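Please treat every number below as a calculation from the coordinates, not as lab data. In this text, all values refer to a predicted model and were calculated from it rather than measured experimentally. Reconstructed Cβ throughout: ideal geometry from the backbone, glycine too, with neighbour counts over all protein chains shown.
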Amino acid sequence: MKKLLPGEEINAAIVQISDDTIFLDLNSKSEGVLNAAELKDENGNLSVKEGDVIKAYFLDDKNGEMRFTTKIASNNADKTIIENAYKNGIPVEGKVEKEIKGGYEVKIGNIRAFCPFSQMGGRRKEENETFEGKTLTFKITEYKNDGRNVLVSNRAVLEAARLSQMETLKSKLKVGMTVSGKVLSLQPFGAFVDVQGFQALLPVSEISRGRVENVADFLEPGQEITASVIKTDWEHEKVTLSMKALLADPWDTVSERYKPEQKVSGSVARIADFGIFVNIEDGVDGLVHISTIEKAKANTNLRKLFRVGDKFDAQIISIDSANRRISLAPASSVKQDDDSEEYLKNQDDSGETYNPFAALLKKK
């Protein structure tokens, strides 16, 4: 194995794990050692197992023991490691010491670096917010005068992580697949949903088969949802979701529930110059053409006769499920038909006209 330089990056398999040490296969007579605490979670559980291949950085060779770390931090970075991190583009941890003119002073090991405001990732949530005292990860963008002039960028690290996430998501999120996500925020045009750390859009038109007037009637921030990926645009980093796509399409069976000449009750969903659309069930609208409306002529403004939400009784003229069209005509309501039938059935042989009110009194 070639001689490693301090800060040099390697990929190595874990060959053994003891209580506090992880041993790495270096393809040589000796093994590398790594502090196990670096790969334990907040509960003290290891996040790796024997056989896993991990990325690590060479620190030094002490008494034949080759020491590694998973991150170059302030407490293990000397000048040689920092310079090598600069040459190899390896991220380093640094503590933001204080805010100075134009940016921040950052301490990495025993070296003081400068990070301009423009290179500090993440916008301030409040005007008086500061990064002072925080330990962040930086990329060294300039190393001069033996470490006396060092420039760093936190934004470059965040951008690299974002691009890496995009590449991962490209291979994971495909059109047609079903995903789970958490609603982040509601907007008049839909909702933003967190899917594997990515902010995807769920348009208002893709929430339900029925008409959605108010997104808050269907969703709330923090809600877990299941949706289908219907569009990806990685060039502009956009993913579009649909809950509607996972619901049964009522048009697939519309001919089983409705027949020509059948009377239906619905509500006005949309008004056009040529007619009105009547919603007869969630996801199914029929058209009442202006020519079938008794009070209307070709140039009549239908918006003066009807309003969205008005109840409307109609009769089905024709059904074209393949093209998702139903033609309707105005009709008497089902209740009116029932009353008429009752009238004819109860008409007296003497010719006396049936009086529903009188009949009700007779029942008493």
Measure up Lys87/Lys172; Lys101/Lys144; Lys87/Lys238; Lys71/Lys172; Lys40/Lys172; Lys40/Lys144 against 24 Å on the Cα-Cα distance and list the ones that go over.
Lys87/Lys172; Lys87/Lys238; Lys71/Lys172; Lys40/Lys172; Lys40/Lys144
Counting DSSP beta bridges in the range 175-246, what percent are antiparallel, to the nearest 5?
95
Amide H to amide H under 5 Å from Gly121: which residues, 5+ apart in sequence or cross-chain, H placed 1.01 Å off N in plane?
Asn154, Arg155
Under 17 Å from a point placed 7 Å out from the Cα of Val308 along the Cα-to-Cβ direction: which residues of the range 206-239 have their backbone N that close?
206-218
Integer Hz, Karplus 6.51/-1.76/1.60 couplings in order for the range 83-88, x for Gly and Pro
5, 5, 5, 5, 5, 9
Can you work out the FRET efficiency for the pair Asp20 and Glu213, with r the C-beta to C-beta distance and R0 = 51 Å, to the nearest 0.05?
0.25
Measure nothing but the geometry: give the 0 to 90° angle between the long axis through the Cα atoms of 154-172 and the longest principal axis through the Cα atoms of the chain, rounded to 10°.
50
Residues of type aspartates and glutamates that Lys107 reaches as a straight line, Cα spacing below 13 Å, ignoring anything fewer than 8 places off in the same chain
Asp78, Glu93, Glu97, Glu99, Glu132
For the range 81-124, just list the percent of Cα-Cα distances falling in each 5 Å bin from zero outward, please.
6, 21, 26, 26, 15, 5, 1
Excluding same-chain residues fewer than 8 positions from Lys295, which aspartates and glutamates have a Cα within less than 18 Å of its Cα?
Asp273, Asp310, Asp313
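Given a Förster radius of 35 Å and the C-beta distance between Glu235 and Lys49 as r, what FRET efficiency does 1/(1 + (r/R0)^6) yield to the nearest 0.05? Please list the in-between numbers first.
Values: r = 38 Å, r/R0 = 1.09.
With a Förster radius of 35 Å, E is 0.40.
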Sort Ile14, Ile290 by Cβ crowding within 10 Å, fewest neighbours at the top.
Ile290, Ile14
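Order these by the 10 Å Cβ neighbour count, fewest first: Lys182, Lys139.
On the way: Lys182 12, Lys139 21.
By the 10 Å Cβ count, ascending: Lys182, Lys139.
Please give me, ordered by residue number, the trypsin sites (Lys or Arg not before Pro) of the range 2-63 that lie in loop per DSSP and have at most 10 other Cβ atoms within 10 Å.
Working: sites: Lys2, Lys3, Lys29, Lys40, Lys49, Lys55, Lys62; in loops: Lys2, Lys3, Lys29, Lys49.
Those satisfying the criteria are Lys2, Lys3, Lys29, Lys49.
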Ignoring chymotrypsin sites (Phe, Trp or Tyr not before Pro) that are buried or in helix or strand per DSSP, and keeping those with at most 12 other beta carbon atoms within 10 Å, what is the longest stretch of the chain between them?
1-188
Quick check for you: which residues of the range 204-248 have the amide N under 12 Å from the point 7 Å beyond the Cα of Ser185 toward its beta carbon?
none
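Restricting to Cα pairs below 8 Å that are 6+ residues apart, what does the relative contact order work out to for the range 175-246? Please round to a whole percent. Could you put the intermediate results ahead of the total?
Numbers: 154 pairs, mean separation 26.4, N = 72.
Normalised by residue count, the contact order of the range 175-246 is 37 percent.
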Evaluate E = 1/(1 + (r/R0)^6) for Ser164 and Asp41, where r is the Cβ-Cβ distance and R0 equals 25 Å; express this FRET efficiency to the nearest 0.05.
0.75
